[in-house]
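The values are calculated or read from the model by the stated rules, or taken from the named source; none is laboratory data. Quick caveat: nothing in here was measured; it's all calculated off a predicted structure. Cβ atoms come from the backbone with ideal geometry, glycine included; neighbour counts cover every protein chain shown.
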């Protein structure tokens, strides 16, 4: 059985959206999957009352009376609010009562609580948030996209290994191509940390490192994994989301009234809509922790739950441990 703890109080539209996302996920997930809704029990029950609940025997509620708000300082909130939905959800995983945790709540708090409660792998100083970007040919995993503002050579090298494992285990890439995001392809480009990372990645026999890649190569399909620090990655992520929204709006306007083109438009929405990915795994922690956008829709929450289930079923944590045990990160 796969047990996913869901932060029912996380996100701008909680608990209604996380609860609906959970119900939609149960419609698609096999009978062996169980969901644990973590949050204020009365609020969760009220949200459930608005829907026809078919799979009541496949989820349970764990009461968590406190909520960490988006504007709170992450570490202080995690330590101060010991009965928050984020902390209790991750404690369920720590204590073996859940196999993964999903939240659309305060990302910093989720990262802090995951690090504090689940711990990090040896060789990993800080976890990374990894996001799958669509390309014209194959998806590309970009990390870090916001967990770490400044990263040295060691962190960037570790991110490459974390991304490679996720790409192999979850995305099914046998020998993922790794690129280092830079302002030019030449090895002397970029700051000192990036130049040092280029050198160590080049010398690493455990990775198929193809060198520096520029911003215009992110969506080209050349790479399976692109490594960068969290500041750059977050800017890239937000820009990509805005471009996708703009493209969809333009296409909807131009194709309005052409029924024959609606199927194409629908397919483009599936490719470009961030909700289709849903959640971003927090890589480097000793467990499965998936973060979602605060404005996530029910569909995005459902897909984030699917990411968590896939990570558990394909034993992502086990393979990350084996990769990092080699001492190359």
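Just give me the residues in segment 88-99 being in contact with a helix residue (DSSP H, G or I) (Cβ under 9 Å, 6 or more places away or on another chain) and either part of a helix (DSSP H, G or I) or surrounded by 14 or more Cβ atoms within 10 Å (Cβ to Cβ) (or both), in sequence order. Steps first, please.
First, the residues of segment 88-99 that are in contact with a helix residue (DSSP H, G or I) (Cβ under 9 Å, 6 or more places away or on another chain): 89-91, 93-94, 97-99.
Listed by number, the residues that qualify are 89, 90, 91, 93, 94, 98, 99.
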Check on residue 201, more than 20 Å from the chain's Cα centre (by Cα) and modelled with pLDDT of 95 or more: yes
What tally of residues in segment 3-22 results from selecting those that are modelled with pLDDT under 95, surrounded by fewer than 24 Cβ atoms within 10 Å (Cβ to Cβ) and either within 12 Å of residue 55 (Cα to Cα) or in contact with a helix residue (DSSP H, G or I) (Cβ under 8 Å, 6 or more places away or on another chain) (or both)? 0
How many residues are surrounded by fewer than 17 Cβ atoms within 10 Å (Cβ to Cβ) and either within 15 Å of the chain's Cα centre (by Cα) or assigned to a helix (DSSP H, G or I) (or both) if we restrict to segment 108-125? 1
Scope segment 293-311; condition surrounded by fewer than 19 Cβ atoms within 10 Å (Cβ to Cβ) and assigned to a helix (DSSP H, G or I); matching residues: 299, 310
Could you count how many residues in segment 32-70 are within 20 Å of residue 111 (Cα to Cα) and touching a residue at least 24 places away in the same chain (Cβ under 8 Å)? 9
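Taking segment 78-87 as the search range and keeping residues that are out of contact with any strand residue (DSSP E or B) (no Cβ under 7 Å at 6 or more places or on another chain) and surrounded by 17 or more Cβ atoms within 10 Å (Cβ to Cβ), which one is modelled with the lowest pLDDT?
Of segment 78-87, the ones out of contact with any strand residue (DSSP E or B) (no Cβ under 7 Å at 6 or more places or on another chain) are 78-80, 82, 87.
Checking the rest, the ones that are also surrounded by 17 or more Cβ atoms within 10 Å (Cβ to Cβ) come to 78, 87.
Working: 78: 94, 87: 97.
Checked segment 78-87; the qualifying residue modelled with the lowest pLDDT is 78.
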Residues in segment 211-227 that are outside any loop (DSSP other than H, G, I, E, B) and either in contact (Cβ under 8 Å) with a residue 24 or more places away in the chain or in contact with a helix residue (DSSP H, G or I) (Cβ under 9 Å, 6 or more places away or on another chain) (or both): how many? 8
Which numbered condition residue 157 fails, given (1) crowded, with 16+ Cβ neighbours inside 10 Å; (2) in a loop (DSSP other than H, G, I, E, B); (3) in contact (Cβ under 8 Å) with a residue 24 or more places away in the chain: (2)
If you check 227, 232, 236, 301, which single one turns out to be in the same structural domain as residue 21 (by TED's automatic domain parsing), in contact with a strand residue (DSSP E or B) (Cβ under 9 Å, 6 or more places away or on another chain) and at pLDDT 90 or above? 301
Lone qualifier among 174, 193 - being modelled with pLDDT under 95, assigned to a loop (DSSP other than H, G, I, E, B) and outside the structural domain of residue 293 (by TED's automatic domain parsing): 174
